[in-house]
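Data block below; observations after.
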Amino acid sequence: MNKAKTETARSIPQYPRGGLLAVLIGLAVISSVWLAARADDGGGATHFRWDLIHLIGNVISAGGFDSAKAADGSQITLTGSGTFLSTPSDEGEAQTATGGGTWETFDSGGTSSGSGTYTVTGLVSFENAGPNGVPPPTLIDTIGSYLDARGGLLVLRVLYSDGERGVLTVSCHGPVNVPNTVFEGITTTKGIVGYVDRGKPANGVDGNRTIFHVLPRGNDNEQD
């Protein structure tokens, strides 16, 4: 045999058939994970859905409520959901947002002082904290696939039905894989009032919880 061909043959790793198949499968899995990560972590425009949720027992569902308090103890309670398009900062595509919900304010004594609806008018920013990982075996996500859920920090411009404007911050800690520096719940402003003392979720109590889901292409306008 030609010496050059012999040396070339020796330089090519030789795998048993089963070993080569395992390597190829491993490469395919790594590639798919990398592509999925890039889809919502800086690799292109990604559609998300945001929700203030119910968590009753082991069931996540849309239509929940979150609260926050102002400096004097007065409170605002919101419901809400919507969608937004998040793009890497170096791309020219505009970041858009939709959605809204209801609001009700209470004075420091707990008496209702106003109510109505609000509409999202724009996206200020979104920071993706990444996947929630493997769902707890008993958790039921009725909004979407829990494997598509994300933690993060969303800031929206909103218009209230009484004409006042504000900035709504929706933060999702998620059960795993998100730093403890990320809070769960909402804060918001309404006119000159800042409701910045967020309501804190409690085990076994409905309220003050949020979630984000990555949306499949073409389904970014779906809301419950």
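The values are calculated or read from the model by the stated rules, or taken from the named source; none is laboratory data. A quick note: this is a predicted structure, and the numbers were derived from the prediction, not measured. Don't worry about glycine lacking a Cβ; one is built from the backbone with ideal geometry, like all the others, and counts go over all protein chains shown.
Can we say Thr210 is among the hydroxyl-bearing types (Ser, Thr, Tyr) and at pLDDT 95 or above? Yes, satisfied. Cβ-Cβ contacts under 9 Å between residues 6 or more apart (or on different chains), taken from a first residue in the range 106-125 that is closer than 21 Å to Thr169 by Cβ and in the same structural domain as Phe84 (by TED's automatic domain parsing) to a second residue that is modelled with pLDDT under 95 and surrounded by fewer than 14 Cβ atoms within 10 Å (Cβ to Cβ), are listed as Leu123/Ala94. Could we say that Thr188 is surrounded by 20 or more Cβ atoms within 10 Å (Cβ to Cβ), touching a Gly at 6+ places or on another chain (Cβ under 9 Å), assigned to a strand (DSSP E or B) and modelled with pLDDT of 95 or more here? Judged against the criteria, Thr188 is a match.
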